[in-house]
Amino acid sequence: MDTNLKKEIIMDHYLNPKNKITTDDSRYVKVNTNNESCIDNLNFYVLFNGDLIEDIKFDGEACAISTSSSSIMITNMIGKTIAEAEEYINNFEAMINEEKYNSDILNEANAYDDIYKQNNRKNCALLPYKGIKKAIAEYRK
Amino acid sequence: MNREDFPMLKQDIIYLDNSATTLKPDCVLNKMAEYYKEYGANAHRGDYDISYKVDLEYENVRDLVRDLINAKSKEEVVFTSGTTESLNMIVNGFFESLLEAGDEIILSTSEHASNILPWFRIARNNGCIIKYVNLDDNYYVTLENLKKVITPNTKVISLAHITNVIGDVRPIKEIAKFAHENNIFVVVDGAQSVPHMKVDVQDLDIDFLAFSAHKMLGPTGVGVLYGKKELLEHLEPTILGGGMNESFDNENAVILKSLPTRLEAGTPNIAGVIGFGAAIKYMNQIGYDRIIDRERYLRNYLIEKLVRIPHIDIINLESDSGIVAFNVNGIFSQDVAYYLNKYNVCVRAGNHCAKILKNAVGVTNSIRVSISFYNTESEIDDLVELLKNKDKIMKEML
Ligand SMILES: Cc1ncc(COP(=O)(O)O)c(C=O)c1O
C-alpha cells in the first residue's frame, strides 16, 4: 500500500470514525482501555450474540492513530464470529510486532504495516485490540 | 543565555520540557565525576582522608540548601530521592500518627499525583476527609476560596507553590499566616517553585517543603525535605537502617541519631547530592533574578506570537512561570507533540500527572511548553512557525 493511501485511510477514519458514540444499552459488554505510557483513554462497547460479534461502539479521547485504528477494527470486526475475530486480532498484532502475518484478512488495517518504525506509536495502534480482547474475555466469563 | 554550559544543547534538539526535568550544565556532571574518580568513598565514615572529604562535600551541600531556602538550621534540611519521597515522608512519617477520623485535609485539584495519592491513602486508613479548594476563573488558588473550605476540623493544607500544569504561583505566605492562626499545618510542594523563584521558608513561615534537584539543573534521584525543627523531631523515620541509629541492643532499645541524619537511612545518593551542590552554586552565580527575568521574557515572547494564531487555544494566558499550556483546536495534544517531535522539538502532551484537574479546567489534555533561561528566541520562533499552519500539522502528524 502506498504511503499516501495509508495516510488517507488513517485520516479518514480519524476524522470520521465509525461508531464513535457512547451507549448505555446494558446488553453491551463495556470495557475501558488505556495506554500506560500516554494519554489515550477509550471505552469499547461490544454486543455479542451467541458466537457472533453483532456490534461495537467506542468513545473517549485518543490520538489519531488509536482513534483510526479503533474505527478500522470496528469496521472489519462487526459480523465476525469470535473465532474469526481472534484470528484477525492475532494477525494484526503479528503485523505490528513485525512477525509473519496474513495481510489478506486485515483490509484497511494494513495501513499500519510500517507503524513499527515509530516505536512510540505501536501501542496506539494496538490499543483497540487490547480493548476487544478484554471484552471477549469478559463475555466468556 | 549560558547555552555553552549545557552539553545536551549541542544536539539538534529544541528542549521545551523543562518542567519535567532540566538539562544539566557541565559543572554538575564534572562535580559528580570528580566524586567517583577522586574521593569515591562512603559518607559518615570519616576514618580516613577521602572518606572525610566525602563528609565535607556532602554536608557542604546541606549548607548551600539551608542558605538557598533560608532554613534556620542545617538540621532542618533532609536529603531524599526527590519531591515524591519527601512528600511521602511528610505524610506517612508525620501526619499518619497525627490525623484522626473526621480530620480534614485541604488540597487543590491541580496538585501533582505525589501531593494527592499519599493523602488519599491516609484519608482511607485514618478516616480523614479530603477537601479541595475551588479554583478561580484563572484556575488560581485564592486565600478567599481557601477560607471557604476551612472548618474547625481542618488540620493540614498541602499545596504546590507553583503548579506544573499552568504555572500559577499560590499566595503561600498569606495562606500560611491564616492557617497558623487557625492551628492548621502547611505543607508546600516546591518542585516547580524552588527552581524558579526565591523561596524563603522563614518568610513564608511554612511547616514543610519538598523539592527535587533534577528540576533545577541538578541530577535525578536527589531531593530535599525541609521541616521546622520542632516538627521534624516528631517525624517518624519511614525507612530504617544503617547510618540513622546510635545503637540497638534489642527491639526495645533502639536509639536514633539526631536530625537530619535520622531521616537519611542507608547510603545516600552521595554523587547526586554533591552534584546538586554544584547546580545550586551555578544558579547562584547566574543569579535567581536574571533567571526569572529571562524566563518571563521568553514566556511573553512566546505568548505574544501564539495569541495571533487563530487555531491555538491558550489555557493559561497569564502565568508567573515559564509554563504555557495550549491546544491546537481540533487536534489531540499527543498528535501535536508527535508532529513537533519530527522536527526535534520536545514538548509534553497530557494531563501532566494532575489527573483531577481536568474536571476543573474542562480540558482533559494539553500541550505543555516549559521554558528555561537557556532557551532562545529563535527556538521559540521555530516552534511558532511549526504551529502556524494547521494543515501542515494534520498532514504530518501521522
Ligand atoms: C508540582 C510537582 N510536584 C511534584 C513533582 C514530582 O517530582 P519528582 O518526580 O521529582 O519526585 C513534580 C514533577 O513533575 C511536580 O511538577
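Per-structure values
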{"read-out": "Filter result for residue B:268 (away from chain A (no Cβ under 14 Å) and either free of Cβ contacts under 8 Å to residues at least 40 places away in the same chain or touching a Lys or Arg at 6+ places or on another chain (Cβ under 7 Å) (or both))", "value": "no"}
{"read-out": "Residue that is nearest to the ligand (Cβ to nearest atom), among those in region B:202-216 that are closer than 11 Å to residue B:228 by Cβ and open to solvent by less than 10 Å² (accessible area, probe 1.4 Å)", "value": "B:209"}
{"read-out": "Wholly enclosed strands (runs of 3 or more DSSP E) of region A:27-100 bearing at least 3 residues in contact with a strand residue (DSSP E or B) (Cβ under 9 Å, 6 or more places away or on another chain) and under 10 Å from residue A:132 (Cα atoms)", "value": "A:29-34, A:41-49"}
{"read-out": "Identity of the residue in region B:54-99, in contact with a Leu (Cβ under 7 Å, 6 or more places away or on another chain), open to solvent by less than 60 Å² (accessible area, probe 1.4 Å) and not β-branched (Val, Ile, Thr), that ends up nearest to the ligand (Cβ to nearest atom)", "value": "B:86"}
{"read-out": "Count - residues of region B:202-223 that are without any contact (Cβ under 8 Å) to a residue 40 or more places away in the chain and among the small types (Gly, Ala, Ser)", "value": "0"}
{"read-out": "Residue count for region B:296-322, restricted to those that are in a strand (DSSP E or B) and in contact with a helix residue (DSSP H, G or I) (Cβ under 8 Å, 6 or more places away or on another chain)", "value": "2"}
{"read-out": "Residues that are of a type outside the set (Phe, Trp, Tyr) and within 14 Å of another protein chain (Cβ to nearest Cβ), drawn from region A:11-31", "value": "A:11, A:12, A:13, A:15, A:16, A:17, A:20"}
{"read-out": "Residue selected from region B:175-201 under the condition open to solvent by 20 Å² or more (accessible area, probe 1.4 Å) and more than 19 Å from the chain's Cα centre (by Cα), by the criterion nearest to residue B:89 (Cα to Cα)", "value": "B:185"}
{"read-out": "Leading residue by the ranking (least open to solvent (accessible area, probe 1.4 Å)) among those in region B:139-159 that are part of a loop (DSSP other than H, G, I, E, B) and within 16 Å of the ligand (Cβ to nearest atom)", "value": "B:141"}
{"read-out": "Matching residues, region A:32-51, being open to solvent by 20 Å² or more (accessible area, probe 1.4 Å), of a type in the set (S, T, N, Q) and modelled with pLDDT under 85", "value": "A:34, A:37"}
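Rundown of residues vs (1) modelled with pLDDT of 95 or more; (2) within 19 Å of residue B:84 (Cβ to Cβ); (3) among the acidic types (Asp, Glu); (4) within 13 Å of the ligand (Cβ to nearest atom), yes/no style:
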residue: B:101; (1), (2), (3), (4): yes, no, no, no
residue: B:107; (1), (2), (3), (4): yes, yes, no, yes
residue: B:115; (1), (2), (3), (4): yes, yes, no, yes
residue: B:137; (1), (2), (3), (4): no, no, yes, no
residue: B:161; (1), (2), (3), (4): yes, yes, no, yes
residue: B:167; (1), (2), (3), (4): no, no, no, yes
residue: B:179; (1), (2), (3), (4): yes, no, no, no
residue: B:185; (1), (2), (3), (4): yes, no, no, no
residue: B:189; (1), (2), (3), (4): yes, yes, yes, yes
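The values are calculated or read from the model by the stated rules, or taken from the named source; none is laboratory data. In this text the structure is predicted, and so the values were computed from the model without any measurement. Reconstructed Cβ throughout: ideal geometry from the backbone, glycine too, with neighbour counts over all protein chains shown. When the accessible area is computed, the model is the full protein with side chains, heavy atoms only, and any ligands, DNA or RNA have been set aside. Shrake-Rupley method; radii C 1.70, N 1.55, O 1.52, S 1.80 Å.
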